[in-house]
Structure formats: C-alpha cells, structure tokens
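Trainee: First the structure, which I've put down as structure tokens, then a few questions once you've had a look.
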Amino acid sequence: MPDEFKAPRGVDPQDLVTEAVAKATRDRAEAERIRRIADEAREAAEKAEKAAIAAEVEARAARERAGKAPPPRPERRTDQISIRTRPSTRIKIESLAKAEGISLAELVERAIKAYAPSFDGEEDQ
C-alpha cells in the first residue's frame with residue numbers, strides 16, 4: 001500500500017473516514033447556502049429591474065400627458081329639469097314646440113336667449 005494512503009501512527013483509519021465525510025457534508029451545506037443566497041440576490045435584481053422599467057414607462061407617459069391640454073368638454077344634453085306649470089301653460093309650450101318642429105328643450109333655450117340675449121348658458125361650466 002502506498003504511504004499516502006496510510007493513516008499516521010496512533011490514528012484510527014475509520015476516524016479519518018468519518019472526518020472526511022463530515023467535512024464533505026459541511027462543504028455541501030455551505031455550497032447550498034451560497035447557492036441559495038445567490039438565487040435570492042438574482043431574484044432581487046430582477047425585481048429591481050422590473051420596477052425601474054415600470055417607473056420609466058410611467059414617467060414617459062406622464063411627460064407625454066403633460067404637454068397635452070385636456071379636450072374641451074362637450075355640452076351636456078342630458079340634464080333634466082322639472083318645471084311645475086299650469087296645465088294650460090304646458091299645453092301652450094307643447095303646441096309652440098310642435099308648431100316650430102323642435103323639442104321642448106330647444107324651445108326653452110330659444111326663449112331664454114330672446115329674454116336675455118347676453119346669456120349664453122356657459123357660466124355654470
């Protein structure tokens with residue numbers, strides 16, 4: 001047997017084997033711990049990169065929006081108003097609208113413009 005494989009005097013060869021196995025187990029556990037730390041660092045870097053990309057996209061969108069004026073608001077035609085009148089007044093309003101061939105709302109708008117020419121109906125918007 002070559003000298004390199006012989007145990008020193010007074011040392012049990014089984015103790016050497018046990019020590020070698022324990023060292024290999026410790027080395028394997030240390031390698032696994034280092035691998036786990038590297039995986040966590042890689043995941044953190046990927047998350048940071050995704051967050052940076054998302055922030056850049058949001059900043060670009062904000063810059064693009066900043067230069068544009070909001071579109072003008074169209075006139076709302078869905079407002080409804082309840083007016084209590086005498087039945088005879090309602091009949092007159094409906095007959096005038098029918099004679100002109102316009103809606104009740106249009107008739108009221110024309111009446112307001114005739115009554116107050118300076119009023120254009122835009123003060124409340």
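Quick note: the coordinates plus some simple rules give every number you see, no bench work behind them. These figures come from a predicted structure and were not determined experimentally. Note: ideal-geometry Cβ built from the backbone for every residue, glycine included; neighbour counts use all protein chains shown.
Trainee: Using 10 Å bins from zero, what percent of all Cα-Cα pairs in region 12-66 falls into each bin?
Mentor: Pairs per bin, as whole percents: 21, 20, 16, 15, 12, 8, 5, 2, 0.
Trainee: Let me ask something else about it. Which order do peptides 46-58, 63-75 fall in by mean Cβ count within 10 Å, highest first?
Mentor: Sorting 46-58, 63-75 by mean packing, highest first, produces 46-58, 63-75.
Trainee: Once the piece of chain linking E19 and E75 is laid out straight, how much longer is it, given 0.36 nm per residue of separation minus the C-alpha distance between them?
Mentor: 11.3 nm
Trainee: If the chain between R63 and R84 were fully stretched, how many nm would it gain, using 0.36 nm times the residue separation less the Cα-Cα distance? Could the numbers behind the result be given before it?
Mentor: Details: separation 21, 0.36 × 21 = 7.56 nm, distance 5.14 nm.
Computed gain between R63 and R84 is 2.4 nm.
Trainee: From the alpha carbon gyration tensor of the chain, can you work out the equivalent ellipsoid semi-axes (sqrt of 5 times each eigenvalue) and give them in Å, largest to smallest?
Mentor: 97, 19, 10
Trainee: Which of the lysines could a cross-linker span from K92 if the Cα-Cα distance has to be under 26 Å and same-chain partners fewer than 8 positions apart are dropped?
Mentor: K113
Trainee: Quick check: the angle from helix 13-66's long axis to the longest principal axis of the chain, C-alpha only, nearest 10 degrees?
Mentor: Tilt of helix 13-66: around 20 degrees.
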